[in-house]
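Report on the following structure.
The values are calculated or read from the model by the stated rules, or taken from the named source; none is laboratory data. Small disclaimer: the values here were computed from a predicted structure and weren't measured. Cβ coordinates were reconstructed from backbone atoms using ideal geometry, including for glycine residues, and neighbour counts include every protein chain displayed. For accessibility, only protein heavy atoms count, side chains too; no ligands or nucleic acids. Shrake-Rupley method; radii C 1.70, N 1.55, O 1.52, S 1.80 Å.
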Amino acid sequence: MTSWQPGGVLLGADYNPEQWPEATLVEDVALMQQAGFTFATVGVFSWALWEPTPGDYKFERLQSILDTLHKAGIRVDLATGTASAPPWLARLYPDAMPVTRDGLRLSHGSRQTWCPSNPDFGERSLALVKELATRFGDHSAVRMWHVGNEFGCHNLMCFCDISADDFRGWLKERYSTLDALNHAWGTTFWSQRYSDWADVIPPRTTTAIPNPGAELDWRRFCSDASLRQYLAERDLLRSITPDIPITTNFMVGHAFDGLDYHQWAPHQDVISNDHYLGSHLGQPEIELALSADIIRGLAGGNPWVLMEHSTSAVNWQTVNLAKAPGQMLRDSLSHVARGADTVAFFQWRASQSGAEKYHSALVPHAGKDSRVWREVCELGKVLGKISEVEGSRTQSRVALVHNWDSLWTTDGDSTPSEHHRYMTEVSRWYAACWRAGLTVQGVAPGNSLDGFDVIIVPGLHVVTDAEIANITNAVEAGAHAVITYFSGTVDELDHIRLGGYPGGFADLLGVHFDEFAPLLPGKTAALRSASELVQLSSNASGSIWTERGRADDGTEVLAAYADGPSQGSPAMTRRSRGNGSAWYVSTSPDDASIDSLLAALSHDSGVSPTVRGLPEGVDAVRRVGEQASYLFVLNHTDQEVAVPVIGHDLITGTESTDGSPLLVLAGGVAVLREGSTS
Ligand code: GAL
């Protein structure tokens, strides 16, 4: 990975000056300088302007934009513009328009209306990329390439005949023979056996439950089909401009689950992410933190780029909440605490027309005389003051093991309960870590777990033998793992691991469950403590899921079901294994019970919170650099808090000492330099 060393923590945004008269550019640059704005993503949706008619490129405006930004010292992340094709593409290549699962061919008129398997789209988009890279690859403003935009956002799946053919090719590569495909998809069932490749189609709308193996492979294929377009653009750019780092913006968060970013991450020079708060979430700051911690995991613990978030409201939710005063700064620094070294937004200037005219921006419709603009300038100043944190790494001893296969299958059809949702379970365990003041990092099940003392494995449904061995080895070596229900149940073909649940993890955990017994919505099963180790309250309970079974000899039962369909069976267990321990949870416990279990597990592992005695609702995260370490303290409450930490606040310039704790205003943030690490 070519690293992105921007020389400070940058403030930036998508910049779309083409929406405005040319003269606005000059005013924009003056405003950018006032705000301390130093990073602009240019041209994300400019293809129709750059190539107004096929093969006729018009780059004069882009040239002047790049020249002007460069003179102002603004680094440009130049988009390849291929996310949205011009309307003429639909006229010349009607087959390039995506087809829905129901067989409806979509029209242009929005954005990202192209089929990822369409060769004409591939050819026209690469022609544009070549032209752009050849003309602007040596422009001094261009510091990063931004391939496409949010791959899969609107055109993740196309069910057309070209895609069907492409899918067959992908399957042939994966399985070689039809026999292997038939085995993988379990086609003896329901008379689905294929005798000719030509009969294999994408999972289009059908009568009853579609074949789950076909669904899972389809999800994998769709991720790979978009990745192929990314790689084609990346390889072309790399051949022309080998020294410019290349990225595409991921969308790790509540709004998107379409791409397997574990497959994508190794192909990025810089990992970047777009994150928008969900107005439906009770504590969106926790979901933001989860997204950032997964992204840092994808970046291998290295700093990354926050490519987009919003200064205030978005335009695409049911109710688009405006951010509270101070929230934009706190959100931004939550990302920085978790490794972002660039804080960028969609978009620089709020549009006057078009689908996103009610989306917030750095320069709102009201102009400079506005709360948002004043807060943008404040953010620019703060990022300037904390610039020395650039390059430092967020410290975490807790791994959250997750994968997209488990997400797709758990949330797919025909599981024991559709009320068990993968990310909900992941988020509940993540939130418990957040409440406990533990900083977490996302990890793929097969990746190294070195350096992590606590390993959280919520509902890891699809897992390979090698991945089970990886987690087992980490436990043997001294880590403490908690694995929760539905984990280990199937292999990578989505075939049940026979012999009882939790399948591949049963041996590590020393448990044997022979039946799932989920609960109806609103129903709970009472839990009672069965060991001193985990103290549960008298009204502790589990919801969504229970399991019937037993613990093996040598496995301690920590809690059991006191009633419900699995009465008497273990709900929480612990087993020592090698130098570590393996804990199992066969239900979705209430928050307090998860907290108790996590406290016992942390105690076993010796992992302590980043800051002890942190007030509720306050988040503390540490980044460690070569010269110093930095403690970010984020107060998400509406009360001023006193935090027992020591250091020099880079934002206010004040010192907090043993005798005088750090005071953080309601909704405020402090970034403390804690002293030398050398
Ligand atoms: C992203 C996209 C931007 C803008 C933004 C609005 O999905 O990349 O172009 O649409 O959302 O929140």
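Per-structure values
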read-out	value
Surface per residue (accessible, 1.4 Å probe) for the chain, Å²	39 Å²
Student exercise, the stretch 398-605 dipole from Lys, Arg, Asp, Glu Cβ charges, in Debye to nearest 20	520 debye
Segments 18-28, 39-49 sorted - mean Cβ within 10 Å per residue, highest first	39-49, 18-28
Pairs of alpha carbons in the stretch 618-676 whose separation is greater than 18 Å (percent)	26 percent
Whole-Hz ³J(HN,Hα) from phi, Karplus 6.51 cos²θ - 1.76 cosθ + 1.60, for the stretch 89-94, glycine and proline x	5, 5, 5, 6, 10, x
Which of Ser541, Ala337, Gln63, positive extreme of dipole for the chain (C-beta unit charges)	Gln63
Size of electric dipole in the chain: Cβ of Lys, Arg +1 and of Asp, Glu -1, about Cα centre, debye, nearest 20	840 debye
Charged-residue dipole, Cβ positions (Lys, Arg, Asp, Glu), the stretch 352-461 about Cα centre, Debye nearest 20	540 debye
Rounded, prolate or oblate (a/c below 1.5 giving rounded, otherwise prolate when a/b exceeds b/c) for the stretch 210-259 by Cα gyration tensor	oblate
Signed unit charges on C-beta, dipole axis of the chain, positive-most listed residue Ala35, Leu10, Ala324	Ala35
Accessible carbon and sulfur surface of the stretch 325-386 relative to its total accessible area, %, 1.4 Å	53 percent
Measure of compaction for the stretch 161-302 (Cα Rg per 2.2 N^0.38 Å)	1.30
Relative contact order for the chain, counting Cα pairs under 8 Å that sit 6 or more residues apart, in percent	10 percent
Among Val669, Tyr584, Phe189 - extreme Cα towards positive end, dipole of the chain, charges at beta-carbon	Val669
Whether the chain is rounded, prolate or oblate, judged on the alpha carbon gyration tensor where a/c under 1.5 counts as rounded	oblate
Fraction of accessible area attributable to carbon and sulfur, the stretch 398-605 (%, probe 1.4 Å)	46 percent
Cut-off under 5 Å, modelled amide H: who pairs with Thr41 long-range	Ala13, Asp14, Tyr15, Asp77
Ala313 long-range amide H proximity, modeled H, under 5 Å	Lys323, Ser360
Burial ranking of peptide ranges 64-71, 251-258 (average Cβ count within 10 Å, highest at the top)	251-258, 64-71
Cα centroid separation - the stretch 383-431 against the stretch 450-482, whole Å	15 Å
The stretch 398-605: C-alpha gyration tensor shape, a/c 1.5 cut-off, then a/b vs b/c	rounded
Extension gain, Tyr57 back to Asp591 (0.36 nm per residue minus Cα-Cα distance, nm)	186.5 nm
Cβ-derived FRET efficiency at R0 41 Å, Ile646 paired with Thr424, nearest 0.05	0.60
Part-to-part distance (alpha-carbon centres) for the stretch 594-659 and the stretch 267-316, which is given in Å	21 Å
Span-rule helices in the chain, defined as complete DSSP H runs reaching 24 Å or more along the axis (Cα) with Kyte mean at least -1.0	119-136, 212-240
Calculated from backbone phi, Karplus (6.51, -1.76, 1.60) coupling profile of the stretch 522-535 in Hz, x at Gly/Pro	x, 8, 9, 10, 5, 10, 10, 5, 10, 7, 5, 4, 10, 8
The stretch 103-117 - phi-based ³J(HN,Hα) in whole Hz, Karplus 6.51/-1.76/1.60, Gly and Pro as x	x, 8, 7, 7, 10, 6, x, 10, 9, 6, 8, 8, 8, x, 9
Total lysine pairs whose alpha carbons fall under 24 Å of each other in the chain (8 or more apart, or interchain)	12
